[in-house]
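The values are calculated or read from the model by the stated rules, or taken from the named source; none is laboratory data. Being a predicted model, the structure only gives us computed values, none of them experimental. Reconstructed Cβ throughout: ideal geometry from the backbone, glycine too, with neighbour counts over all protein chains shown. Calculation scope for accessible area: heavy atoms of the full protein, side chains included, ligands and nucleic acids excluded. Shrake-Rupley method; radii C 1.70, N 1.55, O 1.52, S 1.80 Å.
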Amino acid sequence: MTLIAAGDRRNGIGFKGDLLIKLSGDMAYFKEKTMGNTIVMGRKTMESLPGKRPLPGRRNIVLSRSVKAADGFEVCADINELLNRTGSAADVFVIGGGQIYNLLLPFCSEALITEIDAEFEADTWLPSELRGTEWELSSRSEPVCENGITYVFAVYRRCVNEKAESPALRSAIS
């Protein structure tokens with residue numbers, strides 16, 4: 001799986017159920033990377049989509065204990081069901097929100113992070129583990145400036161795969 005997100009200098013990703021800032025270059029990058037693939041999100045992210053409709057050209061999956069059905073979305077009640085439907089394939093993109101990032105990060109081998117060189121008021125954050133020793137920077141784009149905001153597209157790869165050694169993860173998928 002691949003985590004994809006945009007975060008500010010403090011790893012903030014959202015505020016009051018919305019993105020911190022909408023950058024057209026970041027939106028285009030997100031579309032380019034996820035188009036034709038599977039995207040996994042939580043209920044709050046699903047509800048934040050334009051018109052609460054699935055993103056076109058992608059298989060939209062909601063991981064939620066409370067949502068039972070939603071037009072145009074597949075719904076999975078837990079990680080076991082999600083993994084049974086998708087595996088942990090590279091064409092599965094985790095798109096948020098914060099709880100879903102934290103829950104699925106152990107299954108991700110790559111993280112595509114738009115690093116925004118600014119700070120915003122935030123109430124939702126990227127998992128702190130992304131800045132840990134388990135992840136290494138693979139590539140970073142040249143800076144992009146849009147409406148006075150500078151950002152880069154960074155790719156992080158997991159350098160240590162502890163999935164197999166984690167009893168908690170083994171029990172989550174057994």
Fill in the blank from the handout: Quick tally, 1.4 Å probe accessible area for 8, 123, 71, sorted with the most first, runs 71, 123, 8
Problem - Globularity index of the range 1-49, i.e. its alpha-carbon radius of gyration over 2.2 N^0.38 Å - result: 1.17
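More than 17 Å apart: what percent of Cα pairs in the range 96-147 qualify?
More than 17 Å apart: 46 percent of the Cα pairs in the range 96-147.
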Fill in the blank from the handout: All alpha-carbon distances of the range 14-88, grouped into 10 Å bins from 0, give the whole-percent distribution 18, 49, 30, 3
Exercise for the section: Could you please put 21, 39 in sequence from largest to smallest accessible area, using a 1.4 Å probe? Expected result: 21, 39
Problem - Probe 1.4 Å, all protein chains present, accessible-area order of 114, 133, largest first - result: 133, 114
Fill in the blank from the handout: Taking r as the C-beta separation of residue 154 and residue 85 and R0 as 35 Å, the FRET efficiency to the nearest 0.05 is 0.75
Fill in the blank from the handout: Residues meeting the amide H criterion for residue 124 (H placed from the backbone, H to H distance under 5 Å, 5 or more places apart or on another chain) are 13, 14
Practice task
Exposed loop GluC sites (Glu not before Pro) only (DSSP loop, at most 13 other Cβ atoms within 10 Å): please give the longest stretch of the chain free of them, not including the sites.
Solution key: 1-118
Completion exercise
Result: in the chain the number of Lys pairs with C-alpha under 19 Å apart, spaced 8 or more or on different chains, is 10
Fill in the blank from the handout: Rounded to one decimal in Å, the inverse mean reciprocal Cα-Cα distance for the chain, i.e. its Kirkwood radius, is 16.5
Problem - Along each principal axis, Cα extent of the range 71-120, largest first, Å - result: 38, 26, 18
Exercise for the section: With springs connecting C-alpha atoms under 10 Å apart, model the chain as a Gaussian network and identify which of 76, 108, 145 has the largest mean-square fluctuation. Expected result: 145
Completion exercise
Contour minus Cα-Cα span, residue 141 to residue 21, at 0.36 nm per residue, comes to 41.3 nm
Exercise for the section: Give me the distance in nm between label points sitting 7 Å out from Cα along the Cα-to-Cβ direction at residue 110 and residue 128, one decimal. Expected result: 2.8
Completion exercise
Here the range 19-35 yields Karplus 3J(HN,Hα) values (6.51, -1.76, 1.60; θ = phi - 60°; whole Hz; Gly and Pro given as x) of 5, 5, 7, 9, 10, 4, x, 5, 4, 5, 4, 4, 5, 4, 6, 9, 4
Practice task
First select every other residue whose beta carbon is under 13 angstrom from the beta carbon of residue 54; then total the charges, Lys and Arg +1, Asp and Glu -1.
Solution key: +1
